[in-house]
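One structure below.
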Amino acid sequence: MSNWIWVVFAVLALQPILRQRLLVSMRARVLKRIEESRGSRVIALVHRQETMSFLGLPVFRYIDVDDSEQILRAIHLTAAEVPIDLILHTPGGLALASTQIARALARHPSKVTVFVPHYAMSGGTLIALAASEIVMSEHAVLGPVDPQVGTVPAASILRAVERKPIAEVDDETLILADQSAMAIEQLRQTIHDLTARRLPEHVRDALATDLSAGRWTHDYPITADEARKLGLNVSTALPNEVLELMSLYPQPVRRQPSVEYSPGWRGARRD
């Protein structure tokens, strides 16, 4: 009986690892299928809470230098004549890592397409700005790229300082305001540079200011229609294979699902 208990424990301990390997294999097959159908190099940058250990602890992800290093290698290993398709799903992350990825994509000689199945906020939007075309699902969103100093929006720090007499502002806040001004200008210039080959000067100026200067809150959802009004080349013809790939990045299993539906219902879309 004790031997069977150890066998059951071993199976339960190995189950998440085996499940993870199966998911990785299934993702690779879908990525390969997309590459063959589009004749491109497909890169996926997807941040979800994925149960990785047998303890079932979720790992919170965002754009970091490890992501930028891997994507830069993938871009470097892609021939100049091969288009790049980046599947992007992220809440954002480090400005340095996002900027590196965006600049590398912008310099790729062939067409770069960014697919946004659900959302690409903050640093994710910065990366999307480097693309020749952004393909979003009908309900997907982008977001502002205004810099955050610590946990506070840089634009809010500047406005707070401007509304008070200078004598009433302490030195630490003045230093933060100085950093905020530099951060906003740096991101504004980055956006301006990323879109240099595709947008007229006046459109680039307005876009860079709108996205970096704190016009909206940092989590403001920019829809496909609004993105077009800002001057971006946006399509909503998202391939079904991209949504299929996203289903292979599951969230941690809950005790009871909060959303349920029948994928094979007779009223399902066929396109």
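What follows draws every value from the coordinates through simple rules; no lab data is involved. Not measured: the values here are computed from a predicted model. Positions of Cβ are backbone-derived with ideal geometry, glycine not excepted, and every protein chain shown enters the neighbour counts.
Count charges around Pro109 for me, please; just the other residues with Cβ under 13 Å from its Cβ, Lys/Arg as +1, Asp/Glu as -1. All intermediate terms of the calculation are to be shown ahead of the outcome.
Values: positive: Arg41, Arg107, Lys111, Arg197; negative: Glu81.
Summing Lys and Arg as +1 and Asp and Glu as -1 gives +3.
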- Convex hull volume of the stretch 130-225 per residue (C-alpha atoms, cubic angstrom): 107 Å³
- Message: Can you give the local net charge around Ala131? Use residues other than it whose beta-carbon is closer than 13 angstrom to its beta-carbon, Lys and Arg +1, Asp and Glu -1.
- Response: +3
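Taking the Cβ of Ser40 as the centre, find all other residues whose Cβ is under 15 Å away and add up their charges (Lys, Arg: +1; Asp, Glu: -1). Intermediate values should be presented prior to the final figure.
Numbers: positive: Lys32, Arg33, Arg38, Arg41, Lys111; negative: Glu35, Glu36, Glu81, Asp85, Glu133, Glu241.
That works out to -1.
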- Centre separation in Å (Cα based) which lies between the stretch 85-129 and the stretch 150-171: 31 Å
- Inter-site label distance for Met182 and Leu77 at 7 Å from Cα along Cβ, in nm: 3.7 nm
- Just subtract the alpha-carbon distance of Arg107 and Val24 from 0.36 nm times their residue separation and send over the number in nm, one decimal. 26.9 nm
- Message: Once you place label points 7 Å from the Cα toward the Cβ at Val259 and Arg163, how far apart are they in nm?
- Response: 3.6 nm
- Ratio for the stretch 69-122, C-alpha Rg to 2.2 N^0.38 Å, reads 1.13
- Note on the structure: Once amide hydrogens are built 1.01 Å from N within the peptide plane, the residues lying 5 or more places from Val42 or on another chain with amide H under 5 Å from its amide H are Asp85
- Item | Contact order normalised by residue count of the stretch 137-196, Cα under 8 Å, 6+ apart, percent | 38 percent
